[in-house]
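One structure is given below, encoded as structure tokens.
The values are calculated or read from the model by the stated rules, or taken from the named source; none is laboratory data. These numbers were taken from a predicted model, which means no experiment stands behind them. Please note: Cβ atoms are built from the backbone with ideal geometry, for glycine as well, and neighbour counts cover all protein chains shown.
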Amino acid sequence: MSVEDEALTELRASAHPVRLRMMSLLTGAAMSAAELARELDITQANASYHLRTLAKAGQVEVAATESVRGGQAKKYRYRYSEQTGRSTEASRPARSADHDEWRLYIDVLHQELVRRSAQRVNGQALSADAEVWLTPETWRTTMQLVKEASRLVHEEALPPHAAGSVHVNFQAELFRMRDERDDADGER
């Protein structure tokens, strides 16, 4: 499978509200399908299906196994990478991803933001939006700062409902935009 095909598979796997929530939960702790099902209020079969989809796409990995009633339960963990701020470059569309596939992913992110913002605690939020032109140096610095914040959030994430923790949302989308004066590759 090519790198672009892998990125497209990862994009498709993460373009589902339940799977996005699972990846978030699996950032703070390795969890089994049964634990995820209870946390998300879905069936264990549904949780298992979504976990298999994420594992097949390389978004989660088996972190441990434990004996449960004579069987083995797999505990999964989100595969965060400090280099990309995600498990892979799936946060960027593969060149082979068509507009509809990318739009589906963005729509799912939007739905999750709406769901999460409904739980917002007043006075404890930060929102930023900008469509601006920056020097390449400022752009690189901005990307590095957000990557560092993402690394901190992922490395310090605690299991759901851990004592002394607060439930937060961290979502960032930074990307270079094409300008009508750019060439076909988005470069000047």
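Numbers for the structure displayed
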read-out: Of residues in the range 57-79 being within 19 Å of residue 153 (Cα to Cα) and touching an Asp or Glu at 6+ places or on another chain (Cβ under 8 Å), the one surrounded by the fewest Cβ atoms within 10 Å (Cβ to Cβ); value: 77
read-out: Residue in the range 128-138 that is closer than 24 Å to residue 20 by Cβ, assigned to a loop (DSSP other than H, G, I, E, B) and β-branched (Val, Ile, Thr) present; value: no
read-out: Single condition residue 88 does not satisfy, out of (1) at pLDDT 90 or above; (2) under 15 Å from residue 13 (Cβ atoms); (3) not small (Gly, Ala, Ser); value: (1)
read-out: Extreme residue, nearest to residue 17 (Cα to Cα), among residues of the range 34-56 that are of a type in the set (Gly, Ala, Ser) and crowded, with 16+ Cβ neighbours inside 10 Å; value: 47
read-out: Total residues in the range 136-166, condition closer than 23 Å to residue 30 by Cβ and loosely packed, with under 11 Cβ neighbours inside 10 Å; value: 6
read-out: Some residue of the range 147-159 being part of a helix (DSSP H, G or I), more than 24 Å from the chain's Cα centre (by Cα) and modelled with pLDDT of 85 or more; value: no
read-out: Enumeration of residues in the range 54-77 that are hydroxyl-bearing (Ser, Thr, Tyr) and modelled with pLDDT of 90 or more; value: 65, 76
